[in-house]
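Beneath this line is the structure, given in structure tokens, with notes to follow.
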Amino acid sequence: MVSCYFFILKILPGKKYFSILMSIGFGCSPFVFWWYQTVTLAPLFYGFFILLVFIRILRKEHIPYVKNELITNALHTLLLAYLLISFALVLYPPFQIPVLIVGAFFGLGYLLNEWQTKYSFKELLSRLYWVGAALVITLFVGAIFVKTRSEPISRINGTVYPGSRVIESGGLEPLRIFNSFVMPVLQSKNRAAHFFANQSEASNFILVLPFMLLPGFAVLVLDYK
């Protein structure tokens, strides 16, 4: 909730009450309550914090009591590297990959928006060098981690779970994404037996995006005009 609160407050400065409500709604979502464990929570809060530091680097925001710009950039880079390494070492791809995809698209969109409205390409590129340095540190530490633990990793890959497994996607009918997690049928073991391949799949976030797509495009077009 804290990570979500500060992320929204960074995007919408001064909107404290809105940030509080959104962070409570996020933290109390069915997905978080059902999958209440580190491999669920860590990718989420690391994702928010990574984006926060990324925004601070792009905006060249200062750290309290640190006046030297070089030291500020170096501290932000080390913090971003620490968060990226922590995110990577959660080691649970099913939850890491969605966060990575969303974070990458948000970062790209934010970068393009800053380029269009505030900064020149050359300015942004000079700040992206620090982001690149954090990525290099992350890859270096990740390579050391894999190298020093090659034996247990190879043994895990040879097990039934979570070893080398390939599961085909597409088992869920497209229209079922509109089903609600509060459906009474999910409370019945008999009636819900074939509803999902895994009933825990119903414990998702409240799905509002499909219903906002068309109005969202309309707002964008009007705003552009």
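The values are calculated or read from the model by the stated rules, or taken from the named source; none is laboratory data. Note that the structure is predicted; figures quoted are calculated from it, not measured. So basically every Cβ, Gly included, is an ideal-geometry build from the backbone, and we count neighbours across all protein chains shown. Just the protein is used for accessible areas: all its heavy atoms, side chains included, with ligands, DNA and RNA removed. Shrake-Rupley method; radii C 1.70, N 1.55, O 1.52, S 1.80 Å.
For the residues H62, H76, a 1.4 Å probe over the protein chains yields an accessible-area ranking, largest first, of H62, H76.
Taking 0.36 nm per residue of sequence separation and subtracting the Cα-Cα distance, how much length would be gained by fully extending the chain between L214 and L135, in nm to one decimal?
24.8 nm
The alpha-carbon of K67 sits under 25 angstrom from the alpha-carbons of these lysines, leaving out residues fewer than 8 places away in its chain: K10, K118, K122. Using the Cβ-Cβ distance between L222 and I97 with R0 set to 41 Å, the FRET efficiency works out to roughly 0.75.
Taking all protein chains as they are arranged and a probe of 1.4 Å, the heavy atoms of I156 leave approximately 80 Å² accessible to solvent.
What is the ratio of the Cα radius of gyration of the range 81-151 to 2.2 N^0.38 Å, with N the residue count, to two decimals? Spell out each step's value before the answer.
On the way: Rg = 15.0 Å, N = 71, 2.2 N^0.38 = 11.1 Å.
So the Cα radius of gyration is 1.35 times the expected 2.2 N^0.38 Å.
Ranked by the mean number of other Cβ atoms within 10 Å of their residues, highest first, the peptides 36-43, 12-19, 216-223 fall in the order 36-43, 12-19, 216-223. Given their separation in residues at 0.36 nm each and the Cα-Cα distance between them, I11 and F33 gain 5.3 nm when the chain is fully extended. A viscosity of 0.692 mPa s and a temperature of 37 °C, combined with the Kirkwood radius over C-alpha pairs in the Stokes-Einstein formula, give the range 22-135 a diffusion coefficient of 214 µm²/s. Per residue, the range 1-110 exposes 59 Å² of solvent-accessible protein surface, assessed with a 1.4 angstrom probe and all protein chains in place.
Provide the gained length on full extension for the span T117 to V146, in nm with one decimal, where the gain is 0.36 nm per separating residue minus the Cα-Cα distance.
Gain in length upon complete extension: 6.3 nm.
What distance in nm lies between label points placed 7 Å from Cα along the C-beta direction at T159 and N204? My value for the distance between the label points is 2.9 nm. Coupling constants for the range 209-223 follow from the phi torsions by the Karplus curve (6.51 cos²θ - 1.76 cosθ + 1.60, θ = phi - 60°), and in residue order they are 4, x, 7, 9, 4, 5, x, x, 5, 4, 5, 5, 5, 5, 5 Hz; glycine and proline get x. Note on surface exposure: W34, W115 rank W34, W115 by accessible area, highest first, 1.4 Å probe. How many angstrom lie between the Cα centre of the range 21-65 and the Cα centre of the range 134-157? Going from one Cα centre to the other spans 25 Å.
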